[in-house]
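What follows is a single structure, written as structure tokens, with notes after it.
The values are calculated or read from the model by the stated rules, or taken from the named source; none is laboratory data. As the structure is a computational prediction, the values presented were derived from the model and not from experiment. Virtual Cβ from ideal backbone geometry, glycine too; neighbours counted across all protein chains shown.
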Amino acid sequence: MLKGRNLVDPEDFTLEELESIFELTQEIIENEKDFNDVCRGKILATLFYEPSTRTKFSFEAAMLRLGGQVIGFSEPGSSSVAKGESLADTLRTVGAYADIIAMRHPNEGAPIHGIEYCPVPLINAGDGGHQHPTQTLTDLFTILDAHKRLNNLTIGCCGDLKFGRTVHSLLKAMSRYENVDFFLISPHELQIPDYLMNELKRKNIKIHEEERLENVIDKLDVLYMTRVQKERFFNEADYVRLKDSYILDLEKLKNAKENLAILHPLPRVNEIKIEVDDDKRAWYFRQVKNGMYVRMGLIAKLLGVR
Amino acid sequence: MLKGRNLVDPEDFTLEELESIFELTQEIIENEKDFNDVCRGKILATLFYEPSTRTKFSFEAAMLRLGGQVIGFSEPGSSSVAKGESLADTLRTVGAYADIIAMRHPNEGAPIHGIEYCPVPLINAGDGGHQHPTQTLTDLFTILDAHKRLNNLTIGCCGDLKFGRTVHSLLKAMSRYENVDFFLISPHELQIPDYLMNELKRKNIKIHEEERLENVIDKLDVLYMTRVQKERFFNEADYVRLKDSYILDLEKLKNAKENLAILHPLPRVNEIKIEVDDDKRAWYFRQVKNGMYVRMGLIAKLLGVR
Amino acid sequence: MLKGRNLVDPEDFTLEELESIFELTQEIIENEKDFNDVCRGKILATLFYEPSTRTKFSFEAAMLRLGGQVIGFSEPGSSSVAKGESLADTLRTVGAYADIIAMRHPNEGAPIHGIEYCPVPLINAGDGGHQHPTQTLTDLFTILDAHKRLNNLTIGCCGDLKFGRTVHSLLKAMSRYENVDFFLISPHELQIPDYLMNELKRKNIKIHEEERLENVIDKLDVLYMTRVQKERFFNEADYVRLKDSYILDLEKLKNAKENLAILHPLPRVNEIKIEVDDDKRAWYFRQVKNGMYVRMGLIAKLLGVR
């Protein structure tokens, strides 16, 4: 039962619980009209202590498409709630007005602290560099959407794997499924952190580290792209030598599988050329839409209306 | 008839009119679902010329739970309406889009000026240090909720009684009911202003002034707590001598009546210790929820849908 | 068929298409309740890259009164969407959440660029000094509302005709109808730009240029007022000599026709004295309300629900 539960970390849910959310999400996509009223009379509060228009819109559209309503703020400055009052009191107050809360907070751990006091289900909409579980659910659902399975997959993650929280969460989440291989494609200085590498190795996940996307793109079922910023390279020579390896274009895609699914958490800058957008392997805009549908499924489950 | 009326000052309404709002509020609490549609097709505009997330959320949730909709802004900076245009023209314009307006404005008297031009009911959601009538309605309703009466009560107000507009409004509002005694608990320099004291005395209200909460807590049916800021004391010695008297903890509550109702307009800082939150005499979070329900009753009455 | 179309420039629509929007608008005004549900389940996104509370409220109220819902932002600062991401990607993302988008952008041409990528209908809610087509539709509809026709009219435009985009758009829009005469009333230095004068002359529009409103007010069926700022005059002498000519008061109205319709895009400062507000020839507040109704008609048409 997910009714009344919180979502702070993607691992808060069992694989069965995730599956039940994904099944409901699929049902919503196929019969959206049937869900237009299920949250009638319910209110979602979006408390965004740091701005994230994209994520806020996705939550709001999700609740509105379920027939619910939304209150919220989008920046600390515009919130007197932020001044002087404890987070606990804010959540108790907002929980008097709303039936469910999505909170984005710059401080790691704010949601874990918050659920102690929040009288209604609390969804972590991102806490600093730590977790962003609804993005992870979106990524998993989009992989499922593309391949109809979450096991027996070869997944490439490309770009800045050191600082990208979405990649870390995806790696941890996918490592719960059977027979998943990872190709980690990044410059040496932007490899995933040691603690995460050790955690994955303990689970006997097969991991291959690579410097160049073109060397391995033919092996992948899923390619998760992220941005590499120049200033994160240790030296200019490495940057010049490698930068083009982390930009996806139609040329590199020539060697890719026919059913490769390209994902990106967005926003992108130039790490995927726009010429790729019309390729049927480009799933990143469908991923955006899936994010809204997954949040619909999640909200409906936590509110217990489905 | 409250249909089409404005609310600028709590005394705009007769005791009978207040009673009709409180009766409707109680009906809403008991049968919330019956009211989910009564404002369908109506729009509330929340014009907040100074930020107050808590009050704005309360109005918005109230309208949404009645099946209505909301437009609004939360800060002067985000409103081009604020630039150059007269308040009269702004209200006429917004009154073309909305069916009812809740306005918070830093200038005392802005709402009194506004109702001359506003084509739809205008609710004062706070005008500077002057009035905040929906807070007063919330306080009255919560006292009624706790004691089932608004007469024959002993009410303590504790903390900064000089600058606290919620206390001033509550004193004036309660002085309209029969046989209400007041204990005003504050340091000498933070007593209620002379004009208010004289007004209350003219009405033959019984007023007792006290420096220490612990001396009188056993006599109270209602305790209205507010914050005392260090910088408002005249001298350090007084502050050191008295500061703990204005902090409510379980120790002080030992001598209080079993059915004492503790209220606070929130946000609190440390004037009520969190150990008090779970005591059944703590009514301040229920007061928050009542604030939303009272606003539902008020909006429904002013729009004439009930 | 207007379903699925965009509105970037008022001339995107044929006269027949405009007429169909105005007919629907009239139907909505007469039977608003019949339209309370036609956009149920649909979402409008209001992307305001520069603030315009008035226009944003008008769009939002329009969508809400059709039974739809709204997401949006009101300032670039409050939008992480604005950072780094291309406008094309933003529109594709927001178009995954919303069914229709109203965008205000400081850059001329942003909407023309945007419709290439936007997966849902895009309405230009103002692009810099360039176009503001829903204002033009509002102006046309209000003239129609007042005179029951859009041809055989004498229209005065008064004030700053050089920089006022609403006047330019109105002139171009009205020049598409038969037998419309224009009186352009402004100081010499604030006459309409040459390119526009040439364009109108090519269409054989009758144009009379005047320095003083009082000289021609008796000839007008419509008077479109705009503000003249002191700093736009070339010299102090001209300003002193002419300034009162561009302020409409009851004195000047004595010579006007009984059925003159006074319009103003608002906000006004002092170019129309408030004594004029209660005159039956003052249509500018009804124009505000018409703006909401026209947007209701437009949204319903573009979404294909009517």
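A few points about this structure:
- Residue selected from the stretch A:173-229 under the condition among the aromatic types (F, W, Y) and touching a residue at least 40 places away in the same chain (Cβ under 8 Å), by the criterion farthest from A:G156 (Cα to Cα): A:Y177
Residues are listed down the side, and each one gets a yes or a no for (1) modelled with pLDDT of 95 or more; (2) within 14 Å of chain A (Cβ to nearest Cβ); (3) within 17 Å of the chain's Cα centre (by Cα); (4) assigned to a helix (DSSP H, G or I):
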residue	(1), (2), (3), (4)
B:D238	no, no, no, yes
B:A256	yes, no, no, no
B:L266	no, yes, yes, no
B:L298	yes, no, yes, yes
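- Checking each residue in the stretch A:121-137 for being out of contact with any strand residue (DSSP E or B) (no Cβ under 9 Å at 6 or more places or on another chain) and crowded, with 24+ Cβ neighbours inside 10 Å picks out only A:T136.
- The one condition in (1) more than 14 Å from chain C (Cβ to nearest Cβ); (2) surrounded by fewer than 23 Cβ atoms within 10 Å (Cβ to Cβ) that B:C118 fails to fulfil: (1)
- Taken together, the residues in the stretch C:254-306 that are over 12 Å from C:Y224 (Cα atoms), touching a helix residue (DSSP H, G or I) at 6+ places or on another chain (Cβ under 7 Å) and among the aliphatic types (A, V, I, L, M) amount to 9.
- Selection status of B:L253, free of Cβ contacts under 8 Å to residues at least 60 places away in the same chain and more than 16 Å from B:Q191 (Cα to Cα): yes
- Just one of the listed residues (A:V167, A:V120) is β-branched (V, I, T) and part of a loop (DSSP other than H, G, I, E, B), and it is A:V120.
- Of all residues making up the stretch A:127-145, the number that are under 9 Å from the mean Cα position of the chain (by Cα) and either part of a loop (DSSP other than H, G, I, E, B) or farther than 15 Å from A:F13 by Cβ (or both): 1
- Subset of the stretch B:97-117 that is under 18 Å from B:K56 (Cβ atoms) and part of a helix (DSSP H, G or I) - its residue that is nearest to the chain's Cα centre (by Cα): B:P111
- Conditions (1) within 14 Å of chain B (Cβ to nearest Cβ); (2) of a type outside the set (D, E); (3) in contact with a Pro (Cβ under 6 Å, 6 or more places away or on another chain); number of the one not met by C:L302: (1)
- Residue list for the stretch A:28-61, restricted to those being out of contact with any strand residue (DSSP E or B) (no Cβ under 8 Å at 6 or more places or on another chain) and in contact (Cβ under 8 Å) with a residue 60 or more places away in the chain: A:I28, A:I29, A:F35, A:V38, A:C39, A:R54, A:S58
- Some residue of the stretch B:64-74 being in a helix (DSSP H, G or I) and more than 14 Å from chain C (Cβ to nearest Cβ): yes
- Flag not set for A:L266, criterion: in contact with a Pro (Cβ under 7 Å, 6 or more places away or on another chain) and either surrounded by fewer than 24 Cβ atoms within 10 Å (Cβ to Cβ) or at positive phi (or both).
- For B:S52, the conditions (1) among the hydroxyl-bearing types (S, T, Y); (2) within 14 Å of chain C (Cβ to nearest Cβ); (3) in contact with a helix residue (DSSP H, G or I) (Cβ under 7 Å, 6 or more places away or on another chain) all hold with the exception of (2).
- Just so you know, in the stretch C:138-171 the residues that are acidic (D, E) and modelled with pLDDT of 95 or more include one that is surrounded by the most Cβ atoms within 10 Å (Cβ to Cβ), and it is C:D139.
- Among the criteria (1) within 24 Å of B:M292 (Cα to Cα); (2) facing another protein chain (nearest Cβ under 9 Å); (3) assigned to a helix (DSSP H, G or I), the one A:G41 does not fulfil is (3).
- Matching residues, the stretch C:275-288, being assigned to a helix (DSSP H, G or I) and either touching a Cys at 6+ places or on another chain (Cβ under 9 Å) or surrounded by fewer than 21 Cβ atoms within 10 Å (Cβ to Cβ) (or both): C:E275, C:V276, C:F285, C:R286
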